[in-house]
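Working notes for the structure below.
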Ligand SMILES: Cc1cc2nc3c(=O)[nH]c(=O)nc-3n(C[C@H](O)[C@H](O)[C@H](O)COP(=O)(O)OP(=O)(O)OC[C@H]3O[C@@H](n4cnc5c(N)ncnc54)[C@H](O)[C@@H]3O)c2cc1C
């Protein structure tokens, strides 16, 4: 994984802001530099046993592990790198409800019953996160409120539709903002309208993962870092092998998402790893009030969307773009700065302190792929961009399934999934071509 850290000097006359020290166990992001102190978590060595082996300490794995530990299971999490090393420790930190394809698309493609089943869970992930932050006292800088911002008239219509749709599924904490109100909430003239979701919000994503890991450990859960799972031997019990150890477990949950590689070939077959890039500016001090005075998080409504928010120390964290096939771009700042300046031209003199990339997993339908590889080996992957809340929901749903209540699990597991057109060789250019068309449409519309 190639990532970039920027160290341009401050502007003349400005005192340079000291940069937090890097934590080189993670991608060199702003989050890694401001992470929670963590205990040592030695690799798995020798033989061990558990009720449940979880592969991957991102939100999917940690959420499931914590729910299962709360229910009294003996759970061991095996993480190839560090807790939160993957997308969960690098993302935009935005708590966005529902799924990467919304409930109207689910209803049209999969019928009313599926839409009703998934709709009844679409707003639960954020509630789980907030409950955990409160219950376990996780210091992850939660701030309420998120905006979906429309750039053209088609998107304004979409927002009205979106509001009516979510209200139909019982989510009432939404307000439409007109262009003037929008400019007051976001110091940019780019937006024609916005939908304010009072129950959304934003967090420091790596701290959230680390806090959940510590909550899990406080209940007796065990995490081994530097413990890449190299093989899963199917059976009852299943056996999970790392370079130096072997874990026997009644159940396994595979939660490696975009970083799973080829461990389970059938899980790689219908998905595509993709990258997204984020930069963090220097702290803006009082200038934060020029851009996000209410400290809301924002994502626009473009197909290739931009997302941004303030950090606790008032940096602007700005992300956007997608690299299909998860190429690691060499120059994150060169990719993201033009997007940032298009939204906030007033920040042209502001220094970029950090830039990093992270991978998420795309499915063709943009809906998550959830299921069983065998009766006791479960997986969830591919939330296709919006994953912070979904991963927390699915952790709970997986824990329910292991306790014999599989109704909610089955609602996700019944969704069909297909390979990307073009096969392994051409799926990346084909998908990029499709995205290019949607991006062009967004750019041309007024
Ligand atoms: C840059 C970026 C910005 C994003 N912004 C947002 C946002 O603002 N809001 C939102 O809702 N979503 C966002 N997302 C998506 C969201 O972050 C992800 O959907 C979510 O974090 C996925 O969590 P996960 O636990 O499934 O995967 P990950 O967090 O990637 O965790 C998988 C873990 O499994 C480990 N692993 C893999 N293979 C093995 C193995 N063989 N053995 C042991 N361990 C293994 C990896 O090391 C990794 O730690 C963003 C994603 C990216 C990349």
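Every read-out reported here was derived from the displayed coordinates using simple, explicitly stated rules and does not represent laboratory data. Everything numeric here is computed off the predicted structure, so don't read it as measured data. FYI the Cβ positions are ideal-geometry reconstructions off the backbone, even for glycines, and counts take in every protein chain you see.
By how many degrees, 0 to 90 and rounded to 10, does the Cα axis of helix 124-136 deviate from the longest principal axis of the chain?
Result, in degrees: 80.
Round to the nearest 0.05 the FRET efficiency obtained for residue 331 and residue 424 when R0 = 25 Å and r is the Cβ-Cβ distance.
Efficiency for this residue pair is about 0.35.
Please identify which residues in region 226-249 have an amide N closer than 17 Å to a label point set 7 Å out from the Cα of residue 45, following the Cα→Cβ vector.
Residues 226-228, 242-247 fall inside that zone.
Taking the chain as the reference, fit the longest principal axis to its C-alpha atoms, fit the long axis of helix 423-444 to the helix C-alpha atoms, and give the angle between the two in degrees, 0 to 90, nearest 10.
Once rounded, the angle reads 30 degrees.
So how far apart, in nm, are the two label points at residue 176 and residue 243 if each is 7 Å from Cα heading toward Cβ?
Between residue 176 and residue 243, the simple spin-label model gives 5.7 nm.
Give me the log10 of I(q) over I(0) for region 107-203 at q = 0.25 Å⁻¹, as the Debye formula computes it from C-alpha points; what are the numbers?
-1.20
Please rank 391, 323, fewest neighbouring Cβ atoms within 10 Å first, as an exposure proxy.
323, 391
May I ask you to order 177-187, 36-46, 350-360 by the average number of other C-beta atoms within 10 Å around their residues, highest value first?
Working: 177-187: 16.5, 36-46: 13.3, 350-360: 23.8.
Highest mean packing first, the order is 350-360, 177-187, 36-46.
For the chain, treating each Cα as an identical point scatterer without solvent, what Debye log10 I(q)/I(0) comes out at q = 0.06, 0.07, 0.12 1/Å?
Cα-only, vacuum Debye calculation for the chain: -0.24, -0.33, -1.01.
Would you mind checking the tilt of helix 59-70 against the longest principal axis of the Cα atoms of the chain, expressed as 0 to 90 degrees and rounded to 10?
50
Tell me, 120, 365 in order of fewest to most beta-carbon neighbours within 10 Å?
Working: 120 13, 365 21.
Fewest to most other Cβ atoms nearby, the residues stand as 120, 365.
Per DSSP H run of n ≥ 4, the term is -39500 (n - 2.57); total these for the chain, divide by its residue number, and report the mean residue ellipticity at 222 nm rounded to 500 deg cm²/dmol.
Numbers: 14 runs with 146 residues, N = 446.
Dividing the helical sum by the residues of the chain leaves -9500 deg cm²/dmol.
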